[in-house]
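Only the coordinates and a few stated rules stand behind these numbers; no lab work does. What you are looking at is a predicted structure, and each value in this text was computed from that prediction instead of being measured. In this analysis, Cβ positions are derived from the backbone assuming ideal geometry, glycine residues included, and neighbour counts consider all displayed protein chains.
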Amino acid sequence: MNQNLTHAKSVCQLFDLVVATVSGPMNQRLSETGQTSGSQFIAVDQFASDILHIATAVYATGGMTSSQCAFFSELYDHAARRDVATRVDEFQSWCAGLANSNQLYCEPPTASLNLLRGYDAVNRTMIARMYKELVMKIVTVVLTQVTAPCSREIALVQDFDNFWTEVVMATRSPQRCLQPASIVLISELNKAVAEFVIPAREVINSVAQLSQIEGLGDTEGFIRKTFTNYCAQAVLVDSVVDERELELFHDLAPTLMYFGSNGSLESLRQMFQGASKNIMPNEVPLLVSILDIFDSSMNTNYGGSARSLYVKLAKTAFSADMNVCREETQWLGQFQQTLYPLASAC
């Protein structure tokens, strides 16, 4: 147990060093996304919640030893700044309750890394990667040092690493992609997010009507969600969701902010069963309009780049099932006329 406490103390010290850097960005992102309680920012609660969530995910894969549970309990109390120590059996009961109540708790947490990636996109930093290294250190210590590791623990460390890498990079690993066209499109979408986020944010912050629209404060999230919506719409145009179209969406899932089981084929299949067509081809995407405003004052062409990407996203989705039908051809033609009205008039 003394060795266990030594591990916990060492990780708590590392936790404090990383959190000192990450707290500011986390508080900002919680504010931008409306995840605050009155005027109180809740970064401390977010970090403590991550510890409990990680412990639950470990527990759900096959249980925890008493030493592992004691380690997590000590770290949780430290993160939450609790004056009264949580009993080990009480902490294990929390993990069991969470694992049984919600399947998402059986997977590694994604919220903090998702938020911090958005901060990095705007500020050109690497805070999300720093935090990912912290949570990976926690997982590695608890699974390979607190108790002697077996094959399950070693494999689980790698699983956590792969899972969180997809979140931080917003990229499905090439080994897990099911469609050949996906890898290039993923790269282009992530490149576009990196290019569009700063000009889009400048316009949103400077135009009163835009700054008041819910969801635009999270600029990176807004850009990814608009691509998500149009990709989903392209899949739904012919009213038939083909398996190969699902595979394409599966590959794009981390880029479109569907992580873990939410981005699985089965989950996506269920999502599309209840989805409806809600984007008309004669609607100009809001992102394009925002970037056009920036272009008009800065003599840039971000709006043009966004137009090209929306068209490519639709074409890729339409051709995923190897059969571009009449409805898809008509929708794409109308959408291109909407995006390029001057070219259509010539």
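Ranking V58, V142, V167 by how far each Cα lies toward the positive end of the dipole of the stretch 44-187 (charges on Cβ) leaves V167 at the top. Across the stretch 2-169, C-alpha contacts under 8 Å between residues 6 or more apart give a mean separation that, scaled by the residue count, equals a relative contact order of 28 percent.
The helix-only estimate of mean residue ellipticity at 222 nm for the chain, built from DSSP H runs of length n ≥ 4 each weighted as -39500 (n - 2.57), is -23000 deg cm²/dmol after division by the residue total. About its Cα centre, the dipole of the chain is roughly 360 debye, where the only charges are +1 on Lys and Arg Cβ and -1 on Asp and Glu Cβ.
Sequentially through the stretch 78-86, phi angles give Karplus couplings (6.51, -1.76, 1.60; θ = phi - 60°) of 5, 5, 7, 6, 7, 7, 9, 5, 7 Hz, Gly and Pro residues having no value and appearing as x.
Within the shell of other residues whose beta carbon sits under 13 angstrom from the beta carbon of T255, the net charge comes to +2, with Lys and Arg scored +1 and Asp and Glu -1.
Computed from the Cβ-Cβ distance with R0 of 51 Å, the FRET efficiency linking R269 to T300 stands at 0.80. Multiplying the residue separation of R124 and L286 by 0.36 nm and subtracting their alpha-carbon distance yields 55.9 nm. Backbone geometry of the stretch 292-305 corresponds, through the Karplus equation with coefficients 6.51, -1.76 and 1.60 at θ = phi - 60°, to 3J(HN,Hα) couplings of 4, 4, 5, 4, 5, 9, 10, 6, 10, 9, 5, x, x, 5 Hz, x marking Gly and Pro. Remark: the stretch 54-198 carries a charge dipole of roughly 280 debye about the Cα centre, counting +1 on each Lys and Arg Cβ and -1 on each Asp and Glu Cβ. For the pair A155 and E243, label points projected 7 Å from Cα toward Cβ lie 2.6 nm apart. For the stretch 251-346, the relative contact order is 25 percent, taking Cα pairs closer than 8 Å that sit 6 or more residues apart in sequence and dividing their mean separation by the residue count. Too long at a 30 Å Cα-Cα cut-off: which of K137/K312; K277/K312; K132/K315; K9/K191? Result: K137/K312; K132/K315; K9/K191 exceed 30 Å. Under the convention that each Lys and Arg Cβ holds +1 and each Asp and Glu Cβ holds -1, the size of the dipole of the stretch 167-240 around its Cα centre is about 240 debye.
Just want to confirm a number: the relative contact order over the stretch 72-187, from Cα pairs under 8 angstrom separated by 6+ residues, in percent.
Numbers: 61 pairs, mean separation 21.8, N = 116.
Relative CO of the stretch 72-187 lands at 19 percent.
Binning the alpha carbon pair distances of the stretch 109-224 at 5 angstrom intervals from zero yields the distribution 2, 10, 17, 17, 16, 14, 10, 7, 4, 2, 1, 0, expressed in whole percent. Computed from Cα positions, the angle between helix 88-101 and the longest principal axis of the chain comes to roughly 30 degrees.
In order along the stretch 144-156, phi translates into HN-Hα couplings of 10, 10, 5, 10, 4, x, 10, 4, 4, 5, 5, 5, 5 Hz, rounded to whole numbers, per the Karplus curve 6.51 cos²θ - 1.76 cosθ + 1.60 with θ = phi - 60° and x for Gly and Pro.
With a Förster radius of 45 Å applied to the C-beta separation of A85 and K315, the computed FRET efficiency comes to 0.15. For a paramagnetic label modelled on K191 (point 7 Å from Cα along Cα→Cβ), amide N atoms under 15 Å away belong, within the stretch 300-322, to 302, 305-310, 312-313. Specify the angular offset, from 0 to 90 degrees and rounded to the nearest 10, of the alpha carbon long axis of helix 326-339 from the longest principal axis of the alpha carbons in the chain. Here the helix axis deviates by roughly 90 degrees.
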